[in-house]
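What follows is a set of notes on a single structure, which appears directly below.
The numbers here are math on the coordinates, done by the rules we state, and not lab data. Just so we're clear, the structure is a prediction, and the values are computed from it rather than from any experiment. Cβ placement follows ideal geometry from the backbone for every residue including glycine, while neighbour counts extend to all protein chains displayed.
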């Protein structure tokens, strides 16, 4: 048992009574509905082939994606599940029910369930409170259906936009990832569903932005950038489950790494929940990483490293692990420790006492409350990148609107890779979504009822068919304004342009979409380009070149209310407040890039290559103007202490709007290279025209901690530059402070990361 772990007498008694087969049954899942539809990587190759009846004769740990593998009616499926849980209670010797897990990254991934904005949109909203509310609503739906664990949030820090899973991530800034991801954890767990952090750790730092590729990150990057969001969610969020990364870091697969799964996660951070394997990752130790000669050796490595449960099914933790225990290759004590954690989790969730008497007979998975939260999150997440004055549209004078582009009439374009629609229903053509999701074109018709709208697709998202461009150009010439809607189509493993397994070596808009935009711009008609995507694209040509449209709008898969949110921002009904949670890339050749780069990683006089993004992290326009003045801070603070910084923010425009106030810092000289800019804190502030407030940030100096040359995370004394501006690149108001005293080593028991939460107070 790891330090800090406690288990009840009931759990201890159950483990004492269990046979080896009963123990191992609790450490595996079973994918009841897995068939011809492949909704996970290499699922067809790795299925164990064991019948459900045989797999559950001794009980079962998890039931895998009961609702999320194919379109099943929620009421009918709940009735089946309740009956199956009763069978497990009555017909297995110990009567332990199964834990049910589902995907829930953009809402519960089940038929008819609400689909929220993708996590990259959460980052663009910079609104942890709203994300927490969203998580709670998702959790309430899951709990109603008898689901106990959600495989979300993704806390991978974006390192390379070529990676297909960027739309599942929150930001390139670890503090934004940590604060917003932890908020989602709290919301989901407040509803009685255990959240699962993924993918621990390093998954997003793969070579070349390729899925499952090796990770060669140094220990400092791992400790200072990749680990902090997970630590925050463990320490501050109290998360109950963690999922391993598929990656190998410096040649060691995380699924076989006691360094990360035991020493860091359990011993350093005190995590006492359950570690579940990413799907098939235990078997991958044998089949892909080739560090295990067979499935038995893979099971020994994974269990010894700290994985408690093999998902989605029992490839290694059943027969092969049983053989390893019986032949002495693995200590049964490791099995017992994992079983205790699993049973403790089931006890925490109330499963050991649940009777499953009355399944729900009426279920609404897309209530007005769901749609309201989805709408607000979508509206807050849309980023106005550029605007020459064409937006908001002059509705009274805009009579002819040409709507153009492959994403204008496509509801699927509004949803991310892990939405049920794109993840599962893509294998079931003709099955309706089961909820309303108006495309941008439909939303614009509602938004602009007095205007005459024409539609031309122009080109497809992918492909080289240019035959529709001529008609699109003709439509634009006859319009007062042209709205060109382009971007991605989410999917998996080659189906789509972004999503799991859809990695790219080019950051241009897919297909002929750039050619379409430039052809429409050349007509001279004012053009608003809306990019709906799961990754940031190299849009420098659309920002400051001759071919640039009059306005550029970025929406990261905004979900079921995304069409309405976009239409509302274009009309002016909604004032944009989204900010870029990831830098807009200059080019594919400038990758990987992060705003957290050091001096020598940016533009210098000793290289001709300039990675500077066209638009920086934190950038976003609105329909008013804000003035940020008078930044002040404590003159000196002791290392390990907390300093206060205050700035005045005034709405100098004519519309009520929300500013995302961003406080940045730079450690001018340190014992190791430090970023030229680092976000210290942020706050959403809504102001009426002429209104002014003071925003005060109380910032622990541990926000400036880094891994020193001896491997310890420390706060060093020295001079710190502080500034507030509309992005990391703009120093609108500046000040400085000095950190004094001796070097402060962060200690797990007081200020390691549990103390890094920045508080923001707004006063008139």
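So what's the gap between the Cα centers of region 228-294 and region 496-575, to the nearest angstrom?
37
Quick one: which of 651-662, 461-472 comes out on top by average Cβ neighbours within 10 Å, and what's the full order, highest first?
Values: 651-662: 19.2, 461-472: 15.0.
Those peptides, ordered most packed to least, come out 651-662, 461-472.
If you fit an axis through the alpha-carbon atoms of helix 295-305 and take the longest principal axis of the Cα set of the chain, what angle between them do you get, 0 to 90°, nearest 10?
70
Over every pair of different alpha-carbon atoms in region 507-630, take the mean of 1/r and invert it; report that Kirkwood radius in Å. If you can, show how the numbers build up before the last one.
On the way: mean 1/r = 0.0614 Å⁻¹.
After inverting the mean inverse Cα-Cα distance, the result is 16.3 Å.
Most exposed first by the Cβ proxy, i.e. fewest other Cβ within 10 Å, how do 475, 759 rank?
On the way: 475 22, 759 13.
Listing 475, 759 from fewest to most nearby Cβ atoms yields 759, 475.
Got a sec? How would 194, 597, 619 order by Cβ neighbour count within 10 Å, fewest to most?
Working: 194 22, 597 17, 619 25.
Going from sparsest to densest Cβ surroundings: 597, 194, 619.
Starting from one equal scatterer on each C-alpha and no solvent at all, send me the Debye-based log10 I(q)/I(0) for region 626-763 at q = 0.11 Å⁻¹, two decimals.
For region 626-763, the Cα-only Debye profile gives -0.41.
Need one number: nm distance between label points at residue 480 and residue 367, each 7 Å from Cα along Cα→Cβ, rounded to one decimal.
With each label point 7 Å from Cα toward Cβ, the separation is 4.2 nm.
I'm spelling it out carefully: the read-out is P(r) over Cα pairs in 20 Å bins from 0, in percent, the candidates are (i) 13, 34, 28, 17, 6, 0; (ii) 17, 50, 29, 4, 0; (iii) 13, 27, 29, 24, 7, 0, and one was derived from this structure. Which label?
(ii)
Just from its helices, what would the mean residue ellipticity at 222 nm be for the chain, if runs of 4 or more DSSP H residues each count -39500 (n - 2.57) and the sum is divided by every residue, rounded to the nearest 500 deg cm²/dmol?
Details: 20 runs with 191 residues, N = 764.
Value at 222 nm, helices only, nearest 500: -7000 deg cm²/dmol.
How high is the relative contact order of region 9-348, given as a whole-number percent (alpha carbon pairs under 8 Å, six or more residues apart)?
17
Region 9-348: Rg/Rh from Cα coordinates, Kirkwood Rh? Show your work: numbers first, answer last.
Working: Rg = 18.7 Å, Rh = 19.9 Å.
Over the Cα atoms of region 9-348, Rg/Rh equals 0.94.
Students often check this: by mean Cβ neighbours within 10 Å, which of 440-447, 13-20 ranks highest, and how do the rest follow?
Working: 440-447: 21.1, 13-20: 14.6.
Listed from highest to lowest mean packing, they are 440-447, 13-20.
Fewest to most neighbouring Cβ within 10 Å: what's the order for 481, 276? Each step should come with its number before you reach the end.
Numbers: 481 24, 276 28.
The order, fewest Cβ neighbours first, is 481, 276.
Tell me whether region 382-601 comes out rounded, prolate or oblate; compute the Cα gyration tensor, take square roots of the eigenvalues as a ≥ b ≥ c, and use a/c under 1.5 as the rounded threshold. Please list the in-between numbers first.
On the way: a/c = 1.45, a/b = 1.13, b/c = 1.28.
Judged from the Cα gyration tensor, region 382-601 comes out rounded (a/c under 1.5).
Please list 712-722, 533-543, 688-698, 550-560 highest first by mean number of surrounding beta-carbon atoms within 10 Å per residue.
Numbers: 712-722: 18.8, 533-543: 23.5, 688-698: 15.6, 550-560: 28.2.
Peptide ranking by packing, descending: 550-560, 533-543, 712-722, 688-698.
If you average the alpha carbon positions of region 128-166 and of region 678-717, how far apart do those two centres end up, in angstrom?
The two parts, judged by their Cα centres, are 25 Å apart.
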